[in-house]
Amino acid sequence: FDSAKISNLKFEYFGDNKNIKVPTSLDLQIKGSKYNYYQGFEYGLYSGFLDVMVDELGYDPLRFDFATGWKWNTNANEISLNVDLGITDAASLALKTDIVDLDENFLTSQGSLLLTYFMTTPKLKEFSLSLIDSSFRNKLLNYAAKEEKMTVQQLKDFIIQSIDIYSNTIGVDQTLVKEFLNAVSNFINGNNKIVIYIKPSNPISISDVSAEAMTQDYDGFIKKLNLSVSNF
C-alpha cells in the first residue's frame, strides 16, 4: 500500500474490576493497497468484475483505499462510527452512523440478555451511506453501452426507466420514490454523489421499528426512519 496511519487510539477500562480494556477512540487509514490481479488469477481467484476493472476500465494496478474510525463518548453513552471503502481513483462507499444510549452494560451481558439489550437500548440517531464517484461511473457506462450496442444516452435512459418501473411495483412512499429517481438520474447524468440518509425525529431502537418490519409496512418503516435519498 502507499500509506497507512493509525491515530487517536485511546482505551478505557470497564467492569467491576476494571479488567475489560476497550478502545474507545481510533482512526485507521490505508491508501493504495495494491491487489496483484494477475497473481490472483494464477491462484484461482479470478473474478469477472476484477477482469472488467483491470482490462476494460483501465484500473491497473487495481488499488483499494480503506478508512475507519470511531469515538465512544462513555460519559454521554454515544458512539460515532465511520467506514470508507474505495477503489483508488475510481469510487468510494462511505458509511457514517451515530448511536446513542450505548452504555458499558453490553460488555458484561451474554445470551438472551445481550440480545434484548441490543434490541431495546442502543438507539440510532443518524445514519448515512454515500456513493462517491471519481471516474468509475463514466467508464462503466461507456463499457456497458458498448457491450449492449447502445449509445451512452440510450443506456442512461434505459437504466432510469427500469428503476422507475420497478420502484412502482414495491408499494413504497411515492415521495421517497421520486427522491430516489431524481438522485439516481442526477448521479447518472453527472453528479458525483448519491446519499441515503436516515435521521429520525427521535433516536430509535431496533424494537421501535420491528412491528413495521415484520408486517412489511414499508411506509411506516420509512416514516419512522425519516429516510431520504439525495445528491448531497
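Within the range 120-131, identify whether any single residue is part of a helix (DSSP H, G or I), out of contact with any helix residue (DSSP H, G or I) (no Cβ under 7 Å at 6 or more places or on another chain) and surrounded by fewer than 16 Cβ atoms within 10 Å (Cβ to Cβ), and answer yes or no. For the range 120-131, residues part of a helix (DSSP H, G or I), out of contact with any helix residue (DSSP H, G or I) (no Cβ under 7 Å at 6 or more places or on another chain) and surrounded by fewer than 16 Cβ atoms within 10 Å (Cβ to Cβ): present. Here Gly58 meets the list (1) among the small types (Gly, Ala, Ser); (2) modelled with pLDDT of 95 or more; (3) not in a strand (DSSP E or B) almost entirely, failing just condition (2). Taking first residues from the range 204-232 that are more than 23 Å from Lys178 (Cβ to Cβ) and partners that are of a type in the set (S, T, N, Q) and surrounded by 17 or more Cβ atoms within 10 Å (Cβ to Cβ), the Cβ contacts under 9 Å between residues at least 6 apart in sequence or on separate chains come to Ser205/Thr121.
Counting the residues of the range 196-217 that are under 24 Å from Leu102 (Cβ atoms), of a type outside the set (Phe, Trp, Tyr) and not in a helix (DSSP H, G or I) gives 13.
Within the range 201-232, being surrounded by 15 or more Cβ atoms within 10 Å (Cβ to Cβ) and touching a Lys or Arg at 6+ places or on another chain (Cβ under 6 Å) holds for Pro203, Ile204, Ser205, Val209, Asn231. What about Lys193, is it basic (Lys, Arg), modelled with pLDDT of 95 or more and surrounded by fewer than 14 Cβ atoms within 10 Å (Cβ to Cβ)? In short, no. Pairs are defined by a Cβ separation below 9 Å, a sequence spacing of at least 6 or placement on different chains, a first member in the range 106-124 that is free of Cβ contacts under 8 Å to residues at least 60 places away in the same chain, and a second member that is charged (D, E, K, R) and not in a helix (DSSP H, G or I); no pair meets this definition. Note on the range 151-190: residues that are outside any helix (DSSP H, G or I) and either touching a Phe, Trp or Tyr at 6+ places or on another chain (Cβ under 7 Å) or touching a residue at least 60 places away in the same chain (Cβ under 8 Å) (or both) amount to 2.
The values are calculated or read from the model by the stated rules, or taken from the named source; none is laboratory data. Only a predicted model underlies this, so the values are computations on that prediction, with no experimental measurement involved. Heads up, the Cβs are rebuilt from the backbone with ideal geometry, glycines too, and the neighbour counts pull from every protein chain shown.
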